[in-house]
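Heads up: the structure comes next, in structure tokens.
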Amino acid sequence: MISAGALLDRRRRATRSRSAASTRRVPASLLLPFLVALLLVAIVLAAGIGAVRVGPMQIMGIVLHHLGLTTDIAFTRQQDAVVWAIRIPRVLLATMVGAALAISGAVLQGIFRNPLADPSIIGVSSGAAFGAVSAIVIGATPFGLMTTPVAAFVGGIITTLVVWSLSRRNGRVDTVTLILVGIALNSMIGAGMGMLNYMADDEQLRSVVFWSMGSLGGATWRNDLAILPLIALGLIVLPRKARELNLLVLGEREARHLGVDVDRTRFLMIVVVALTTAAAVAFAGIIGFVGLIVPHLIRLVAGPDHRVLLPASALAGATLLVLTDLLARTIVSPLELPIGIVTSLLGAPFFLFLLLRTRWQHGVM
């Protein structure tokens, strides 16, 4: 018989060995090129697979043809129309939205020192949803087909500014207060959306439900060009704040002692995150778990250094959403699943696994 003390000692040794193994990190010099290659493979697969099959060489020939370069690669007019007008805009939108949501989640988790943080915590996702649903139910179209995306973008930005303003006290923003205000506003917005859904007719309700579940079906070159500047803003500015994020993780007091203007830095990053996320939600709807799961995965592989975590999260988020969208439009072909359903089906069990794994490693279970 093994005594209780021996079992406890064995468990402690196993926990220490698992902790030591978890400290082995993949260097950035290997991780980032691997993620770039993985994203390129995902893009080629997504552009080629569907009702009309297109090979990698034909995809390259079509792209080069539209860039004004002549090649000997043969392709049909149907393949050209499907790839250039439908699939490539959709793949590019998935790439930008996935990168935006993932890097935003990584930044917010660093700001709040909370691994459960994601863009919804500052109200930007729910605010964008409320703006879009309001535009659909009211029926006004001052911007034509762009009315719903514009309303979603404005709703996300306004909600974020309200959360920030209500969290300020004596010129500073308290993190706990900001989170609580975000939770309260999310609840209020949820009630408002419920009221709008109750007022909507059948046609409007179908649009609201499909939009709120997320979809990349409306991707066009025009929409991609509209979202590109704001996504690029986030992907350029946020990684430049990696050093400040590393210091903020140590604590606000420590960061101030090391020369970080905590309030200014936090405000700048939250504004950029709000702009980036609102743009993504405006054109793709609400897509959950990308900003929550991807930073967790990268942190497990590469460690908590935001100089690696932020670009790696952007690449991994883009790859995940491209592959998820491919799955959403092919798994029940010719029908198409809302991409938000697919990300939730994949993300929720994985997140539960992470929670249970963490508790097991710390000897809680």
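The values are calculated or read from the model by the stated rules, or taken from the named source; none is laboratory data. Treat the numbers as computed from the prediction; the structure is a model and nothing was measured. Virtual Cβ from ideal backbone geometry, glycine too; neighbours counted across all protein chains shown.
Considering only the range 269-303, how many residues are within 18 Å of LEU355 (Cβ to Cβ), surrounded by fewer than 23 Cβ atoms within 10 Å (Cβ to Cβ) and not hydrophobic (A, V, I, L, M, F, W, C)?
Of the residues in the range 269-303, 3 are within 18 Å of LEU355 (Cβ to Cβ), surrounded by fewer than 23 Cβ atoms within 10 Å (Cβ to Cβ) and not hydrophobic (A, V, I, L, M, F, W, C).
Just to be sure I understand the filter: pairs with C-beta atoms under 8 Å, separated by 6 or more residues or on different chains, first member in the range 183-207 and among the polar types (S, T, N, Q), second member not in a helix (DSSP H, G or I). Which pairs pass?
The qualifying pairs are ASN186/GLY123; GLN204/GLY139.
Any residue in the range 124-152 that is in a loop (DSSP other than H, G, I, E, B) sitting within a Cβ distance under 6 Å of a residue that is at pLDDT 90 or above and β-branched (Val, Ile, Thr)? List the pairs, counting only those 6 or more apart or interchain.
Pairs that qualify, where the first residue is in a loop (DSSP other than H, G, I, E, B) and the partner is at pLDDT 90 or above and β-branched (Val, Ile, Thr), are PHE143/VAL150.
Across the range 137-170, what is the number of residues that are under 19 Å from MET269 (Cβ atoms) and exposed (fewer than 14 other Cβ atoms within 10 Å of the Cβ)?
Residues that pass the stated criteria total 1.
Applying the selection to the range 231-250, what residues are free of Cβ contacts under 8 Å to residues at least 40 places away in the same chain and within 18 Å of ARG113 (Cα to Cα)? Step through it out loud before you land on a result.
First pass over the range 231-250, keeping only residues free of Cβ contacts under 8 Å to residues at least 40 places away in the same chain: 232, 236-237, 240, 244, 247, 250.
Of everything in the range 231-250, those that are free of Cβ contacts under 8 Å to residues at least 40 places away in the same chain and within 18 Å of ARG113 (Cα to Cα) turn out to be GLU244, LEU247, LEU250.
Filter the range 304-340 for residues that are over 15 Å from VAL91 (Cβ atoms) and free of Cβ contacts under 8 Å to residues at least 60 places away in the same chain and give the result.
PRO304, ILE331, VAL332, LEU335, LEU337
Could you check, for the range 65-74, whether at least one of its residues is closer than 27 Å to VAL332 by Cβ and in contact with a helix residue (DSSP H, G or I) (Cβ under 8 Å, 6 or more places away or on another chain)?
no
Anything in the range 165-180 that is over 21 Å from the mean Cα position of the chain (by Cα) and touching a residue at least 24 places away in the same chain (Cβ under 8 Å)? List them, or say none.
GLY171, ARG172, VAL173, THR175
Matching residues to (1) outside any helix (DSSP H, G or I); (2) of a type outside the set (Ser, Thr, Tyr); (3) at pLDDT 90 or above:
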{"site": "THR70", "(1), (2), (3)": "yes, no, no"}
{"site": "ALA85", "(1), (2), (3)": "no, yes, yes"}
{"site": "LEU93", "(1), (2), (3)": "no, yes, yes"}
{"site": "VAL97", "(1), (2), (3)": "no, yes, yes"}
{"site": "LEU101", "(1), (2), (3)": "no, yes, yes"}
{"site": "SER104", "(1), (2), (3)": "no, no, yes"}
{"site": "VAL107", "(1), (2), (3)": "no, yes, yes"}
{"site": "ASN114", "(1), (2), (3)": "yes, yes, no"}
{"site": "ALA117", "(1), (2), (3)": "yes, yes, no"}
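For the range 36-56, give me the residue count where each residue is in a helix (DSSP H, G or I), surrounded by fewer than 20 Cβ atoms within 10 Å (Cβ to Cβ) and among the aliphatic types (A, V, I, L, M).
The qualifying residues number 7.
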